[in-house]
Amino acid sequence: MRLFQNSGLYPSYLAHLNRLAAKAPHFEARLRIFLDDRFGALHFLKPVLQGDEDAFFTNGDDERLQRLWASEHGMPGKPTLEAILLAQIEHHRTEVFYNLDPVRYPSSFVHKLPGCVRKTLCWRAAPSGNADLTAYGAVLGNFPSILDSWRRAGCRAELFFPALDPSMDEYGHGDRPIDVLFVGGYSRHHTIRAKTLEQVARLAATMQIVYCLDSSRLTKLAESRIGAWLPLQKHRRPEAIARIAKPPVFGRQLYDLIGSAKIVLNGAIDMAGTDRGNMRCFEAMGCGALLVSDAGTYPDGMQAGITMETYDSPEKASEMIAKCLQDWPKSAAVAERGRARVREVYGKDSQWEHFVDLVARI
């Protein structure tokens, strides 16, 4: 199978990658630095991570990366990123196209694919407005309610899961000086999450609490010197959160931080009903921290009181965290069961086998 996997980058991660790869002279060098940093690796298929010669990977929205490829392959002028991606697919003689960034490259892009492409799949585990993905052979995701919404939009939708990055085995085997870690987005749209973060942040007087927040543009503006004079109060973070907030972390830096934390706090945003199992769940458990997350319907291997813990209100989150830290040996055993269980259920071998099966069926 000649596999082409396309992904995309968060703007805040792109700035981090540009620092890491500042001296990368060509496409392969920049790509290798990216893949070695492991950002998004839970979604990357086994042949990509193993460097299989039949597998090609790129980030189609990374302009520096894509223009390096275009220059190295003699594309004249300044082609669009879409034109470069299409040229890469044709050059690779792709048979199966798997796209992690389908809102940027929707059905209109699929219709332009060269004739060598036999099967098309995309990952989309979030509501996406009026995005048209009907031209894809299947939309993949791990939230059943969102898959149902894609079916109602006329797409074939199939259940598929992230898989633990094998590099996670390198992390979380020493001391865990951080009591509670949260890494994720913060904006006024994350209403319930914001209340939980504020409640838990109040524990910072007696616990080591670390928040690494990717804040919205309005939040950053509201907390700036200029913003202090503007009517942006609702966008400012509560003092308890702002006092301990640090910049976001990604990739191996994230793995290292999780491996230094006893508890990883997680909270879903309002997009998938009661479905749970966002990326942070897999990352936290994969690096051996105790996942404490909001109550809901979790995938196999994530079971409250057995492999993780849950809370059903912001106040209960603080209570659960205090309880877990008071009897840490017992909680550490729950975390270790969680790590072992997700390794068993969500490995790269089984993810690849499932993908191959899906390709055969669409």
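Quick note: the coordinates plus some simple rules give every number you see, no bench work behind them. Since this is a predicted model, take the numbers as computed values, not measurements. Here the Cβ is made from the backbone with ideal geometry for all residues, glycine too, and neighbour counts use every protein chain on show.
Name the residue farthest towards the positive end of the dipole of the chain from the options 247, 286, 260, assuming +1 on Cβ of Lys and Arg, -1 on Cβ of Asp and Glu, about the Cα centre.
It is 247.
Would you kindly state how much longer the chain becomes between residue 82 and residue 361 on full extension, computed as 0.36 nm times their sequence separation minus their alpha carbon distance, in nm to one decimal? Before the final figure, lay out the partial values.
Values: separation 279, 0.36 × 279 = 100.44 nm, distance 2.81 nm.
Here the answer is 97.6 nm.
Shape call for the range 310-362 from the C-alpha gyration tensor, a ≥ b ≥ c root eigenvalues: rounded (a/c under 1.5), prolate (a/b greater than b/c) or oblate?
Working: a/c = 7.83, a/b = 2.32, b/c = 3.38.
Oblate is the answer for the range 310-362, as a/c is 1.5 or above yet b/c matches or exceeds a/b.
For the range 58-73 and the range 114-155, compute the distance between their C-alpha centroids and round to whole Å.
Cα centroid of the range 58-73 versus Cα centroid of the range 114-155: 25 Å apart.
Give me a comma-separated list of calculated 3J(HN,Hα) values for the range 346-358, in order, Karplus coefficients 6.51, -1.76, 1.60 applied at θ = phi - 60°, integers in Hz, x for any Gly or Pro.
Taking θ as phi minus 60°, the curve returns 10, x, 5, 5, 5, 4, 5, 4, 5, 5, 4, 5, 4 Hz for the range 346-358.
Considering amide H positions built from the backbone, and no H for Pro or chain starts, which residues 5 or more places from residue 311, or on another chain, come under 5 Å of its amide H?
Residues meeting the criterion, in which the H sits 1.01 Å from N, are 293, 294, 295.
Using 26 Å as the Cα-Cα cut-off, could you pick out the over-long pairs in 119/348; 23/262; 195/262; 23/112; 46/119; 23/119? Walk me through the numbers before you get to the answer.
Details: 119/348 21 Å; 23/262 36 Å; 195/262 22 Å; 23/112 34 Å; 46/119 18 Å; 23/119 36 Å.
Long pairs (Cα-Cα over 26 Å): 23/262; 23/112; 23/119.
If amide hydrogens are placed 1.01 Å from N in the peptide plane, which non-local residues have theirs closer than 5 Å to the one on residue 275?
Placed amide hydrogens put 297 under 5 Å from residue 275.
Return the loop-located trypsin sites (Lys or Arg not before Pro) in the range 70-146 (DSSP other than H, G, I, E, B) with at most 16 other Cβ atoms within 10 Å of their own Cβ; answer none if there are none.
Values: sites: 93, 104, 112, 118, 119, 124; in loops: 93, 104, 112, 118, 124.
Of the trypsin sites (Lys or Arg not before Pro), the ones in loops of the range 70-146 whose Cβ has at most 16 other Cβ atoms within 10 Å are 93, 104, 112, 118.
Can you compute the helix-only [θ] at 222 nm over the chain? Use -39500 (n - 2.57) per DSSP H run of at least 4 residues, normalise by all residues, nearest 500 deg cm²/dmol.
Numbers: 15 runs with 142 residues, N = 362.
Value at 222 nm, helices only: -11500 deg cm²/dmol.
Is the shape of the range 1-117 rounded, prolate or oblate, going by the alpha carbon gyration tensor and its root eigenvalues a ≥ b ≥ c, with a/c under 1.5 for rounded and a/b larger than b/c for prolate? Intermediate results must be reported in sequence, preceding the final value.
On the way: a/c = 1.44, a/b = 1.21, b/c = 1.19.
Rounded, since a/c falls under 1.5.
List 354, 111 from most exposed to least, where exposure is judged by having the fewest other Cβ atoms within 10 Å.
Values: 354 16, 111 8.
With the sparsest Cβ surroundings first, the list reads 111, 354.
³J(HN,Hα) across the range 139-152 via Karplus (A = 6.51, B = -1.76, C = 1.60, θ = phi - 60°), whole Hz, x for Gly/Pro?
After applying 6.51 cos²θ - 1.76 cosθ + 1.60, I find 9, 9, x, 10, 10, x, 5, 6, 4, 4, 5, 5, 5, 5 Hz.
Per residue of the range 153-162, in order, report the coupling 6.51 cos²θ - 1.76 cosθ + 1.60 (Karplus, θ = phi - 60°) as ³J(HN,Hα) in whole Hz, putting x for Gly and Pro.
Going residue by residue, I get 7, x, 9, 7, 10, 9, 6, 8, 10, x Hz, with x marking Gly and Pro.
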